[in-house]
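Read the structure below first, then the notes.
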């Protein structure tokens, strides 16, 4: 393993770690020596991530967490820290989407998306940030936003709104937590080939149009994003905070 972006012995929490980008983040960071705790609402869904990390000689554990419920977050953090010690790095990744025109979205769509993508990110950052300050740790929080939080898109209004909120939350938290030695950054990916994207029903025409618009002539893969995350949580990025990094193949021009 290269020493580049080494995370040897650091305790990393990855929310939404059972699939998609969360799973890739967890595996990628574990390969760099991190002790990884993956969190999601269903324990059985986390087992494959933990098993895959173990098969590659990494160390990981899982905790059940509902990011919209403060009591669930605190209970999960207690369990995670009991085995691996204080959490030094957070990848705030849990998220959902609802793909329908704005007038067809109902209150339940809004609540599901905004509660998870915005309130959930806030609650996890708040809870873990408090613990980092209490332990006097120079920690790192990376919030997963989206290119749709910084540009116009149709049929995903609650999702885009929630991710725009994550961008502003990141900047606000960076200001407040910086004096305590904690960096807070965001990743705003372009279109990435993940299970959530495929399940959301993104039309093939949009995928192809994105490919044609991108100078690199492809959509992203999870490794493209995981590498950015590995940098932001490493000591090499200690002078980065309040930043929004957008791996998007050049589509945001």
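Here, each number is a calculation from the coordinates, and none is a lab measurement. Note that the coordinates shown come from a computational prediction; the quantities given were computed from them, not determined experimentally. Every residue, glycine among them, receives a Cβ derived from its backbone with ideal geometry; neighbour counts consider all protein chains shown.
Modelled spin labels at residue 216 and residue 108, positioned 7 Å past Cα toward Cβ, are 3.8 nm from each other.
Peptides 157-163, 237-243, 14-20, 89-95 ranked from most to least packed give 89-95, 14-20, 157-163, 237-243, packing being the mean of other C-beta atoms within 10 angstrom over each peptide's residues.
Calculated on the Cα set of segment 27-66, radius of gyration then Dmax: 9.6, 28 Å.
Against the chain, whose longest principal axis comes from its Cα atoms, helix 70-84 is set at around 50 degrees. Report D for the chain in µm² per second (integer): Stokes-Einstein, Kirkwood Rh on Cα pairs, 4 °C, 1.567 mPa s. Roughly 72 µm²/s, to the nearest whole number. Per residue of the chain, the DSSP helices (runs of n ≥ 4 H) give a summed -39500 (n - 2.57) that works out to -13500 deg cm²/dmol at 222 nm.
A simple spin-label model places pseudo-atoms 7 Å from Cα toward Cβ; at residue 243 and residue 42 they are separated by 3.7 nm. How far is helix 120-134 tilted off the main Cα axis of the chain, in degrees rounded to 10, range 0 to 90? Around 20 degrees separate the two axes. Distance between the modelled labels on residue 64 and residue 153, one decimal in nanometres: 3.1 nm (7 Å Cα→Cβ projection). Legend: ranking of residues 88, 44, 74 from fewest to most surrounding C-beta atoms inside 10 Å; resulting order 44, 74, 88.
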